[in-house]
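The values are calculated or read from the model by the stated rules, or taken from the named source; none is laboratory data. Not measured: the values here are computed from a predicted model. Using ideal geometry, Cβ is built from the backbone for each residue, glycine included, and neighbour counts are taken over all protein chains shown.
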Amino acid sequence: EEPLLAPNPDRFCMFPIQYPQIWEMYKKAEASFWTAEEVDLSQDLRHWGTLTSDEKHFITHVLAFFAASDGIVLENLAGRFMKEVQVAEARAFYGFQIAIENIHSEMYSLLLETYIKNSDEKNRLFHAIETVPCVAKKATWALNWIDGSESFAER
């Protein structure tokens, strides 16, 4: 049996720490916290204008992929891991990771909002899971792992 999944009535209280390495990772994540508002995009449009169409295509599709895939990561963390894991410090880490994934998703979306002026193209990129075949395939693969019956270690 996976120790992190073993029933634990103490999961609601943070101390005493049972897994110092997990606690240390949580504290490192906490120390690296940032918000989308901290990112200065004032020069981005000027730089964006200097890129070739191929470079813009590549960047927008990477952003579209991550804007969507972070939502899948969120679903996995909130829908599976947070419900299954029974160790307080691991739950704290996953909870913080959820917040960080939300910020990443906001940032990717904000970049698309900033760079893409055509509303149809912007809409296509915001819905890349349905409109961009390679993103759709990756999303299907990831969602299969979320819904699958594989062991915790495999997921």
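Couple of notes before you dig in:
- Set Gln97, Gln21: member being in contact (Cβ under 8 Å) with a residue 12 or more places away in the chain and part of a helix (DSSP H, G or I): Gln97
- Checking each residue in segment 130-155 for being outside any helix (DSSP H, G or I) and under 17 Å from Leu112 (Cβ atoms) picks out only Val132.
- Listed by first and then second residue, the pairs with beta-carbon distance under 6 Å, at least 6 apart or on different chains, first residue in segment 134-155 and within 24 Å of Val62 (Cα to Cα) and among the charged types (D, E, K, R), second surrounded by 12 or more Cβ atoms within 10 Å (Cβ to Cβ) and modelled with pLDDT under 85, are Arg155/Trp145.
- Within segment 81-94, tally of residues that are part of a helix (DSSP H, G or I), within 21 Å of Ser151 (Cα to Cα) and touching a Phe, Trp or Tyr at 6+ places or on another chain (Cβ under 9 Å): 9
- Residue match in segment 110-129 (condition: in a loop (DSSP other than H, G, I, E, B) and of a type in the set (Val, Ile, Thr)): yes
- Each residue in segment 1-49 was checked for being acidic (Asp, Glu) and under 30 Å from Glu150 (Cβ atoms), and 5 pass.
- Only listed residue being buried (at least 16 other Cβ atoms within 10 Å of the Cβ) and either closer than 22 Å to Glu2 by Cβ or touching a Gly at 6+ places or on another chain (Cβ under 8 Å) (or both), chosen from Phe96, Phe65, Phe126: Phe96
- Here is the figure for segment 50-80: residues that are part of a loop (DSSP other than H, G, I, E, B) and either under 16 Å from the mean Cα position of the chain (by Cα) or hydroxyl-bearing (Ser, Thr, Tyr) (or both) total 2.
- Each residue in segment 30-49 was checked for being loosely packed, with under 15 Cβ neighbours inside 10 Å and assigned to a helix (DSSP H, G or I), and 8 of them qualify.
- Evaluated against (1) free of Cβ contacts under 8 Å to residues at least 40 places away in the same chain; (2) β-branched (Val, Ile, Thr); (3) closer than 30 Å to Tyr26 by Cβ, Thr131 falls short on exactly one condition, (3).
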